[in-house]
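Working notes for the structure below.
The values are calculated or read from the model by the stated rules, or taken from the named source; none is laboratory data. Since the model is a prediction, treat every value here as computed from it, not as a measurement. Because the Cβ atoms are built from the backbone with ideal geometry, glycine has one as well, and the counts that use them run over all protein chains shown.
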Amino acid sequence: MNHDTYDNAYIAGILNSVKTIAMVGASPNDVRPSYFVLKYLLAKGFSVLPINPGHAGKQILGQTVYASLADLPQPVDMVDIFRASSAVPGIVDQVLKLDPLPKVVWMQLSVRHDEAAARAEAAGIKVVMNRCPKIEYGKLSGEIGWTGVNSGVLSSKKPLMRQGFQSFGVRQK
């Protein structure tokens, strides 16, 4: 697969199918990008399990932190990697030992490792590199467009406003 660009339908399909996410490199520091993404994904209804060996047993945003993927108490649909590209091969090694395997390995902005991606794909796992699920969700749901950012998504559909925190879902083509 070409990982230089992704079709909106590919990203939307992933975000619509994923329910449980393991976030490797989650930080309790509220100014770190992983904290913002964790908070956002929780608000959108995803179950997020933070992975950070330095904070194992503690909590981030009310979620118990685990030392490694092997310590997770339940299967996950996606592994979101907030680590340097050089750490990706070791993380993919851990992913490939999970049973059942997750559906997706997602590497955050500036994180890319083509060899590790190929190994994950060979095992039947979808891969996204150099993207942020928070940004992609906001773009595809139209949220980013409401704040004056050109999301590239045009729609005449008026958002459905409901009680409580708004979760508009990811539009598919």
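Numbers at a glance
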quantity: Selection count where residues are surrounded by 14 or more Cβ atoms within 10 Å (Cβ to Cβ) and touching a Leu at 6+ places or on another chain (Cβ under 9 Å), scope the stretch 103-128; calculated: 3
quantity: Ser141 being surrounded by 14 or more Cβ atoms within 10 Å (Cβ to Cβ), on the phi < 0 side of the Ramachandran plot, polar (S, T, N, Q) and at pLDDT below 95; calculated: yes
quantity: Selection count, the stretch 93-128, where residues are in contact (Cβ under 8 Å) with a residue 60 or more places away in the chain and in a strand (DSSP E or B); calculated: 5
quantity: Residue check for Arg131: in a helix (DSSP H, G or I), of a type in the set (Lys, Arg), at pLDDT 60 or above and surrounded by fewer than 22 Cβ atoms within 10 Å (Cβ to Cβ); calculated: no
quantity: Extreme residue, surrounded by the fewest Cβ atoms within 10 Å (Cβ to Cβ), among residues of the stretch 69-92 that are in contact with a helix residue (DSSP H, G or I) (Cβ under 7 Å, 6 or more places away or on another chain) and part of a helix (DSSP H, G or I); calculated: Ala70
quantity: Looking only at the stretch 11-49, and only at residues there that are under 10 Å from the mean Cα position of the chain (by Cα) and free of Cβ contacts under 8 Å to residues at least 40 places away in the same chain, the one that is surrounded by the most Cβ atoms within 10 Å (Cβ to Cβ); calculated: Leu38
quantity: The stretch 11-56: number of residues that are aromatic (Phe, Trp, Tyr) and either part of a loop (DSSP other than H, G, I, E, B) or under 16 Å from Ser141 (Cβ atoms) (or both); calculated: 2
quantity: Qualifying residue in the stretch 54-71 (condition: modelled with pLDDT of 95 or more, touching an Asp or Glu at 6+ places or on another chain (Cβ under 8 Å) and farther than 20 Å from Met129 by Cα); calculated: yes
